[in-house]
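Read-outs: derived from the displayed coordinates by stated rules, not from any lab. The model shown is predicted, which means the values in this text are computed figures rather than measured ones. All Cβ positions, glycine included, derive from the backbone under ideal geometry; neighbour counts span all protein chains shown.
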Amino acid sequence: MIQVQPALGGRLPWALAVGALLFVLWLLLGGGQGPVYGLMAATAGAGIGSWLAPGTLQRLRLRPLLRFAALFVVRSVVGGIDISWRALHPAMPLQPTWIRYDLGLQKPAGRALFMITISLTPGTLCAEQQGGEVHVHALGPDMERGLREIENAIAAVFGESPRGPGA
Amino acid sequence: MSISAWLAALLIVAGTGFFFAGTMGLLRFPDVFSRLHALTKADNTGLGLVAAGVALLHQSWRHAALITVIWLLALAASSIACHLVARDALARGEQREEKP
């Protein structure tokens with residue numbers, strides 16, 4: 001089990017990452033115009049960001065990240081088709097249930113990603129989180145398997161073991 | 001029309017279909033939680049398809065990247081908003097609403 005701590009601590013790496021991200025965004029928005037101004041703005045943004053709201057950089061694994069992205073896109077499309085079918089079907093086949101899902105993910109970033117993702121994937125909606133427990137609204141039975149699949153994919157991205165703390 | 005333009009048109013039309021279905025769900029579903037399902041999921045898929053179509057029409061990497069950023073931001077916003085509405089509804093003990 002990998003411990004919950006920043007892989008790359010300190011404010012400087014955070015500021016550099018934020019600055020780089022802001023600069024790329026500037027270049028994208030402006031089509032490469034005014035890079036000097038972009039650099040100044042990105043530097044200012046990075047400085048203020050790491051001063052007021054420093055975060056911790058997570059070491060993300062590229063291959064699991066791509067796998068997660070692919071899973072996300074596929075599940076999104078399935079989720080859209082699923083809900084459209086339920087909405088347009090004359091009888092509206094809804095079997096709402098509540099699931100109390102025990103979250104194995106430890107890192108806050110991973111948990112946030114999980115909560116965002118499950119609301120966008122078929123039949124599940126994150127309503128509440130209390131510690132390691134997530135209160136999920138589901139539109140049908142047997143939705144836990146999909147949740148587990150997403151959780152494991154996210155765990156791999158953050159380098160956590162697939163199923164929660166060993167202790 | 002070129003093949004890519006046809007493909008883009010197909011994606012955009014399919015995307016609007018999802019928006020339509022999501023709105024139908026919003027109007028037809030009986031309670032807050034089910035309506036949230038309809039909004040977030042159908043709009044996620046719909047916006048993704050429309051965005052892919054528009055990116056294809058533009059034929060530029062910069063626009064494609066920008067559209068992807070917009071899509072991801074909209075997704076995060078819609079999912080978090082959905083979570084907040086659901087949490088609030090849960091706290092109020094909302095179970096079933098009268099169907100209009």
How much length is gained if the chain between residue A:74 and residue A:51 is pulled fully straight, taking 0.36 nm per residue apart and subtracting their Cα-Cα distance, in nm to one decimal?
-> 4.4 nm
How much mean residue ellipticity at 222 nm does chain B get from its helices, if each DSSP H run of length 4 or more adds -39500 (n - 2.57) and you divide by all residues, to the nearest 500 deg cm²/dmol?
-> -30000 deg cm²/dmol
Apply the Kirkwood formula to segment B:3-91: the hydrodynamic radius equals the inverse of the mean of 1/r over all pairs of different alpha-carbon atoms; give it in Å with one decimal.
-> 13.8
Fewest-first sequence of A:83, B:3 by Cβ atoms within 10 Å of each Cβ = B:3, A:83
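Tell me the Kirkwood radius of segment B:27-76: reciprocal of the mean inverse pair distance over distinct alpha-carbon atoms, in Å. Show your work: numbers first, answer last.
Working: mean 1/r = 0.0836 Å⁻¹.
It works out to 12.0 Å.
Are there trypsin sites (Lys or Arg not before Pro) in segment A:25-77 that DSSP puts in a loop and that have at most 11 other Cβ atoms within 10 Å, and which ones? Walk me through the intermediate numbers first.
Details: sites: A:59, A:61, A:67, A:75; in loops: A:59, A:61.
Here the trypsin sites (Lys or Arg not before Pro) that fit, given the DSSP loop and packing criteria, are A:59.
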In a Gaussian network model over chain B where Cα atoms closer than 10 Å are linked, find which of B:39, B:47, B:27 has the largest mean-square fluctuation.
-> B:27
Hydrodynamic radius (Kirkwood) for chain A, which is based on Cα pairs only, to one decimal in Å = 18.3
Site residue A:88, offset 7 angstrom along Cα→Cβ, radius 16 Å on amide nitrogen, limited to segment B:39-67, gives B:39, B:41-47, B:49-50
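Can you sort A:76, A:161 from fewest to most other Cβ atoms within 10 Å of each residue's own Cβ?
Lowest count first: A:161, A:76.
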For the pair residue B:91 and residue A:102, what calculated FRET efficiency results from E = 1/(1 + (r/R0)^6), where r is the Cβ-Cβ distance and R0 = 30 Å, to the nearest 0.05?
-> 0.90
Sum -39500 (n - 2.57) across every DSSP H segment of at least 4 residues in chain A, then divide by the residue count to get the 222 nm mean residue ellipticity, nearest 500.
-> -18000 deg cm²/dmol
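Using the number of other C-beta atoms within 10 angstrom as an exposure proxy, rank A:28, A:62 with the fewest first.
Fewest to most other Cβ atoms nearby, the residues stand as A:62, A:28.
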Just the number, please: Stokes-Einstein D of segment A:82-167 in µm²/s, Kirkwood Rh from C-alpha pairs, 37 °C, 0.692 mPa s.
-> 243
P(r) of segment A:11-52 over all Cα-Cα pairs, 10 Å bins starting at 0, rounded to whole percent, reads 36, 49, 15
What residue among A:31, A:140, A:47 shows peak mean-square fluctuation when chain A is described by a Gaussian network model with Cα springs under 10 Å?
-> A:31
